[in-house]
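Enquirer: Encoded as structure tokens, here's the structure I'll be asking about.
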Amino acid sequence: MLYLGFFVSTNNKTILDGSLPSAITKAASALRRDLLVAIPTETVYGLAARASSPVAIRKIFVVKGRPASHPLILHIAKPDDLRKWATDIPSIAQKLVDKFWPGPLTIVVKRSANVCDEITGGRDTVAIRCPDHRIAIELLERLDDAIVAPSANRFGRVSPTTANHVAHDLGQDVDLILDGGACKIGLESTIVDCTTNPPQMLRAGAITAEAIQQFCLTEIDAPSGESRASGMLEKHYAPNCIVELAFSRKDAEARLANLEIDRRIAEIIDFGSDLEKYAHEIYSRLREADKRSVDVVVVVKPPMTGIGIAINERLKKASNSAVVD
Ligand code: TXA
Ligand code: MG
């Protein structure tokens, strides 16, 4: 972690200690000048641009190498700001907001006239969340605008959960990084499309379909129709190494013993049933494997409960050999 006083600069990329008020001031000023700032959230680090700046938002798509058809999540300082950016808010969406915000839940709702086409790729809906992270909230309050922030990685790759991950991935392409330490959760937010009846779970996360169903007393559907969330692509969240999935430690060891000769540098990732630790560490572990030029990681799948469902979803995509579009 980089808490070395005021700021450190590695390879000309500036990482500021986000807990310092002066860092928030600099970040807000950079965003006002249409620059890109990487920010910590409770899920993963985001690559932020000012929501009212189409110029800055277009830069995000260039830096990420992301098709314009993949819309961005709008981040707001407080639940009440929802009304500025959304219209025709269904009661189910309001219920979710009252219960789960601030927190790792993104809702898809009808967009208001304040949302520019660059954010949504021209759709009439917008994805919105209110992050549960002091640094992100302080920045939003200082800016007095919303920000859009996809995960701060190149398109299709593993999301960053530390400031160093962002610096490693984006290099000179990010103007400033606010360091908030390692992200508490470590996996991207749950996404629920509230424009359909019943609502649809577009991406699993720390807030589970079960928790939502229990609280709202309503069904939540699996996604249908066109593939709307980039996390719904066949291959996503992918490291360079090959990811193989195992059902148990024993299964993982057997796979390791049977690897082909050209895949000799291999290791097992296994967190047992500690799901929080699993979510918190999995992306770091995949990145470390790449750093050491590991050919294959055999990952023991977590149980399909709680955030284990989201971890399994990400692992499945990370392990898929299909090519990203
Ligand atoms: O935890 C998170 O959500 C992180 C942090 C930084 O907030 N952000 C994140 O953003 O994961 P990103 O861009 O990597 O993923 C956003 C997802 C994409 O799969 C995108 O397709 C979907 O949200 N999305 C955005 N707007 C949408 C909309 N109007 N309808 C359906 N899906 C939408
Ligand atoms: Mg992403």
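The values are calculated or read from the model by the stated rules, or taken from the named source; none is laboratory data. Just so it is clear, the structure is predicted and the values come from calculations on it, not from any experiment. Heads up, the Cβs are rebuilt from the backbone with ideal geometry, glycines too, and the neighbour counts pull from every protein chain shown. For the accessible areas, the whole protein counts, side chains as well, though only heavy atoms, and no ligand, DNA or RNA atoms are used. Shrake-Rupley method; radii C 1.70, N 1.55, O 1.52, S 1.80 Å.
Enquirer: Please report, ordered by residue number, the strands (runs of 3 or more DSSP E) entirely within region 95-195 with at least 1 residues that are within 16 Å of ligand 2 (Cβ to nearest atom) and open to solvent by 10 Å² or more (accessible area, probe 1.4 Å).
Expert: Where strands (runs of 3 or more DSSP E) fall fully within region 95-195 and carry at least 1 residues being within 16 Å of ligand 2 (Cβ to nearest atom) and open to solvent by 10 Å² or more (accessible area, probe 1.4 Å), they are 105-111, 125-129, 190-193.
Enquirer: Would you check if there is a residue in region 109-118 being near ligand 1 (Cβ under 9 Å from one of its atoms), basic (Lys, Arg), within 26 Å of Gln213 (Cα to Cα) and in contact with a helix residue (DSSP H, G or I) (Cβ under 7 Å, 6 or more places away or on another chain)?
Expert: Restricting attention to region 109-118, the residues satisfying the condition of being near ligand 1 (Cβ under 9 Å from one of its atoms) are 109, 111.
Now restrict to residues that are basic (Lys, Arg): 111.
From the residues that got through so far, the ones that are within 26 Å of Gln213 (Cα to Cα) too are 111.
Going one step further and asking which of them are in contact with a helix residue (DSSP H, G or I) (Cβ under 7 Å, 6 or more places away or on another chain), we end up with 111.
Yes, region 109-118 has at least one match.
Enquirer: Further, regarding this structure: Filtering region 15-45 down to residues that are of a type in the set (Ser, Thr, Tyr) and crowded, with 18+ Cβ neighbours inside 10 Å, which residue is farthest from ligand 2 (Cβ to nearest atom)?
Expert: Across region 15-45, the extreme among qualifying residues is Thr41.
Enquirer: Just to be sure I understand, how many residues within region 219-254 are farther than 24 Å from Asn153 by Cβ, at pLDDT 90 or above and in contact with a strand residue (DSSP E or B) (Cβ under 9 Å, 6 or more places away or on another chain)?
Expert: So the count comes out to 8.
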